[in-house]
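Trainee: The structure follows.
The values are calculated or read from the model by the stated rules, or taken from the named source; none is laboratory data. Keep in mind that what you see is a predicted model, and the values were worked out from it rather than measured. Positions of Cβ are backbone-derived with ideal geometry, glycine not excepted, and every protein chain shown enters the neighbour counts.
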């Protein structure tokens, strides 16, 4: 079955849809748990199914360094390698090359960089990054893009979108020759850049949509810019992206950022927030965040969130979770991660239901009311 | 239902039995996964049920320091606190006081020591240790004993058994006044000491059995003595312990040690071996140990053990597990722990079946043959 996106309803900007891939469907708007190295830290694929994850994200840069795309390919592709038989999206590694690695040289050809692990030298060209992702076996692949920091002067941001468009063309050309792996389809999304400059964002959208990708990501946000600039830029971009293709806001974000992204027509999100926070003992609830290590939880035998129906909230108390974190026990991060991702995925399910019922605005108002009544 | 032990069959020294507690039954011979701080490191109680654990072990010394027995008691006892509704045995903390803590003073009254975590001062008397375990809510509690190192001169070993007997009497006296917690029974086992001196071991057994405990542990072994001394001492002790009470060989051991312990009439075992090894990436198989990080596993897409039926062996390859350990991913220790404990518990189940069928000797022979054919 070929990759497809169906749009069922739009309610005050919020879109209800469905993506179909050869590894299964994804109800949108969707949150994709981050599984950088082919594992959502501390969770098993069975846990992820239990909490309702439709798709996870892995990372090209990280998997290229460890264990290497050759190992993943020989293991049957990322899904079989990690025992997850649902869709996987791989980020291109552009962001990691510019943020984690020691950068040696960037040119129209590609990026030369040194591994953050052992200093070994690598060259990422747009073609090579497509090849790596084909080997990894991602259902949805991302083009190599040039990410810029915030704030960034306009000239640099312009150079970056020009190069990103050039690389998008090269990636598109590359994938023409290899689009099937073991009988399943692997599609490539473009990435819109342009920092917070409206004219650059518009130009980036125009150049990328001319290449007709099956989906588009909005990159270069959530990198330190004020929230209003993030939302304004998102809105500007989604308004001119084709309606019939999924839009993915990369690296976003807090629950409220996701709500606002959805209000602006975004279909897909990913963020390390729920998983990274969990490992530090910070959990999300319907009334805001809770720091489990706080002394107030020492003899609190209630659940993290009385309104949450997850396995962790049904079986474990804040006092027990605090004990696990205080003692550095491995079960602590695991249970907190399970809860946080359930919280995110359940939030998205609630939002999808509200869009279906044309009550997204009312749902959003209630969402903010709950948090204020904290 | 009161605590009981039933013996079904004895096959060439190996005993098949069943312990009943108010939190459920334990088929013996049994291996008890170690959950020192009220968690079997990285596993959930659901995992433990899946792999067939009947009982787990927690530790009085560790739980007293963190989170404190008051917190565990207010949380409904260790079973409710950790969401494990099966039996729990608590070690008295004697071993930890003598091995982990800074020791200040030992007398007939008890042991004064400093916490290995923050240097805080504590006094463990036999009475206090019973009180702590009653608060923790263990189904099976252990008396405070004086552990000696190996080798140990005979005079010191004699002092230690005399004090252990005195403390056993004091513990027994203490428990007379508090033996029920929320309606469930908590029983106390005695601990035989005496290093590797046959006459001291005999005397220790005589003094403890005179107190008529519902079960007896063999302490002070697996502390560095040669294997033959461990087995000889075990045999000497089990031969004179009452037949109708369970015997627990503390801190033992490797799979082959457990097999030999069972051959000498032991009913219960505990050891950190499967869990600690798992966290270092060493896993047990029917043909011996495997170090997952070894390069040979890099592209080995077979399971840890083709003869193992556990969830990990059914779903994950050695190559994936190696990748998790090389990348320091939390899922690695979790999956390895799951497999290792399954391996141990499955081994015990096989042995119980062989005793039932009066084929323990044949089973033991096959067990060693499998390992030699490695």
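Trainee: For region B:249-349, which strands (runs of 3 or more DSSP E) that fit wholly inside it have 3 or more residues that are free of Cβ contacts under 8 Å to residues at least 12 places away in the same chain, more than 14 Å from every other protein chain (Cβ to nearest Cβ) and crowded, with 23+ Cβ neighbours inside 10 Å?
Mentor: It comes to none.
Trainee: Here is a list: A:67, A:2, A:29. Which entry is more than 14 Å from every other protein chain (Cβ to nearest Cβ) and either out of contact with any strand residue (DSSP E or B) (no Cβ under 9 Å at 6 or more places or on another chain) or surrounded by fewer than 17 Cβ atoms within 10 Å (Cβ to Cβ) (or both)?
Mentor: A:2
Trainee: Also, I was wondering about something else. Can you tell which of B:285, B:337, B:238 is at pLDDT 95 or above and over 30 Å from residue B:10 (Cα atoms)?
Mentor: When all the criteria are applied, what remains is B:337.
Trainee: Would you call residue A:156 out of contact with any strand residue (DSSP E or B) (no Cβ under 9 Å at 6 or more places or on another chain), surrounded by 18 or more Cβ atoms within 10 Å (Cβ to Cβ) and in a helix (DSSP H, G or I)?
Mentor: no
Trainee: Among the residues of region B:136-151, which ones are crowded, with 19+ Cβ neighbours inside 10 Å and within 19 Å of residue B:225 (Cβ to Cβ)?
Mentor: B:145, B:146, B:147, B:148, listed by residue number.
Trainee: Looking at residue B:52, is it on the phi > 0 side of the Ramachandran plot and crowded, with 24+ Cβ neighbours inside 10 Å?
Mentor: no
Trainee: Filter region A:193-237 for residues that are within 24 Å of residue A:2 (Cα to Cα) and buried (at least 17 other Cβ atoms within 10 Å of the Cβ) and give the result.
Mentor: Result: A:208, A:213, A:214, A:215, A:216, A:217, A:218.
Trainee: OK, next. Looking only at region A:356-374, count every residue that is surrounded by fewer than 24 Cβ atoms within 10 Å (Cβ to Cβ) and either in a helix (DSSP H, G or I) or within 14 Å of chain B (Cβ to nearest Cβ) (or both) and tell me the total.
Mentor: Of the residues in region A:356-374, 13 are surrounded by fewer than 24 Cβ atoms within 10 Å (Cβ to Cβ) and either in a helix (DSSP H, G or I) or within 14 Å of chain B (Cβ to nearest Cβ) (or both).
Trainee: State whether the residues of region A:128-149 include one that is farther than 27 Å from residue A:103 by Cα and either in a loop (DSSP other than H, G, I, E, B) or not assigned by TED's automatic domain parsing to the domain that holds residue A:63 (or both).
Mentor: Checked against the condition, which is being farther than 27 Å from residue A:103 by Cα and either in a loop (DSSP other than H, G, I, E, B) or not assigned by TED's automatic domain parsing to the domain that holds residue A:63 (or both), region A:128-149 yields at least one hit.
Trainee: Criterion first (at pLDDT below 95, in contact with a helix residue (DSSP H, G or I) (Cβ under 7 Å, 6 or more places away or on another chain) and at positive phi) does residue A:93 satisfy it?
Mentor: yes
Trainee: Residues in region A:109-123 that are within 16 Å of residue A:147 (Cβ to Cβ) and either in contact with a helix residue (DSSP H, G or I) (Cβ under 6 Å, 6 or more places away or on another chain) or not assigned by TED's automatic domain parsing to the domain that holds residue A:249 (or both): how many?
Mentor: 2
Trainee: Assess whether residue A:76 counts as being within 29 Å of residue A:345 (Cα to Cα), more than 13 Å from every other protein chain (Cβ to nearest Cβ) and surrounded by fewer than 17 Cβ atoms within 10 Å (Cβ to Cβ).
Mentor: Against the criterion (within 29 Å of residue A:345 (Cα to Cα), more than 13 Å from every other protein chain (Cβ to nearest Cβ) and surrounded by fewer than 17 Cβ atoms within 10 Å (Cβ to Cβ)), residue A:76 does not qualify.
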